[in-house]
Amino acid sequence: MVDKIAAIVKEAGQMVRSAQDIGAHTHTKTSDADLVTDYDVAVEQFLRRELLSLLPEAVFYGEEGEKAPDPTRGWAFIVDPIDGTTNFVRGIRQSAISVALAKDGDLRWGVVYDPGKEELFTAERGCGAFLNGRPIHVSARPLAKGIFIMGTAIYRREYLRPTMELATALFARSCDFRRLGSAALDLCYVACGRGELFFEYSLCPWDFAAGALLIEEAGGRVSTMAGTPLRLDRRCSVWASNAENFSLLAELPVERNLL
Ligand code: IPD
Ligand code: CA
Ligand code: CA
């Protein structure tokens, strides 16, 4: 299954790589911070058609189109056609196609593909995590010798204060941080040891579903910032790290109940 999903996702990656005149194909959704391009929509339509023909009994829960009412019942594809749309629009090569396949709310397969760098992250529940076919593992570094990656909950501007408070506290305990602009890739980067920890308030299931499985299969841990399992049917905060740093969650100024 993972190879079949990956083949479809790589074909979609070709659509992203060959995109032309992206600015003329960009539209705002709810605000100037919330962009969609015609490529996001076209990639999602392609993925919907191809993935559902792979597994016709599955439902489709994608960012840009009609969503299945409940992605936690039966088989469900959870899809972000382009995660990192602002990067894509601005010519910053840090975007990904993210596809997860879940059964009754349990993530079974995850594929995240960065078409710019041709990096394919894959995971299957119980079978490990891989980057371009090679096994990957979270790092063993304590945060004091490492970096954290964060997102800024751009659709909930009122979450800026708790986000920055947490970033300040983590910065004091780490070497540095990154804000890279694609939550799906942020999670994969922790999964392969490029960073030690990731957090963001208010992500959607299509942002984190595949990346969360990558984290777990790479030996890391992931939860909401309330310490509860991630929800696949609504927004939630995400805290993900290697084994060494997961328990820091209890020691930091975290707003546990923000969705
Ligand atoms: C966004 C990216 C970004 C994160 C936002 C997401 P999009 O996804 O993952 O890193 O900070 O919260 O919405 O809109 O580019 O698919
Ligand atoms: Ca996204
Ligand atoms: Ca998106």
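The values are calculated or read from the model by the stated rules, or taken from the named source; none is laboratory data. In this text the structure is predicted, and so the values were computed from the model without any measurement. All Cβ positions, even for glycine, are placed from backbone atoms using ideal geometry, and neighbour counts span all protein chains on display. The accessibility values were calculated without ligands, DNA or RNA, using every heavy atom of the protein model including side chains. Shrake-Rupley method; radii C 1.70, N 1.55, O 1.52, S 1.80 Å.
Listing for the model above:
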read-out: Scope the stretch 153-185; condition open to solvent by 20 Å² or more (accessible area, probe 1.4 Å), aliphatic (A, V, I, L, M) and assigned to a loop (DSSP other than H, G, I, E, B); matching residues; value: Ile154, Leu180
read-out: One residue from Val43, Val36 being surrounded by fewer than 24 Cβ atoms within 10 Å (Cβ to Cβ) and over 15 Å from Leu214 (Cα atoms); value: Val36
read-out: Near pairs, Cβ below 6 angstrom, 6+ apart or cross-chain, from the stretch 186-200 (more than 15 Å from Ile136 (Cβ to Cβ) and open to solvent by less than 10 Å² (accessible area, probe 1.4 Å)) to any residue that is hydroxyl-bearing (Ser, Thr, Tyr) and assigned to a strand (DSSP E or B); value: Leu197/Ser241
read-out: Positions within the stretch 51-70 being within 16 Å of ligand 3 (Cβ to nearest atom) and in a loop (DSSP other than H, G, I, E, B), in sequence order; value: Glu63, Glu64, Gly65, Glu66, Lys67
read-out: Selection count where residues are closer than 21 Å to Pro69 by Cα, within 16 Å of ligand 1 (Cβ to nearest atom) and assigned to a loop (DSSP other than H, G, I, E, B), scope the stretch 198-231; value: 3
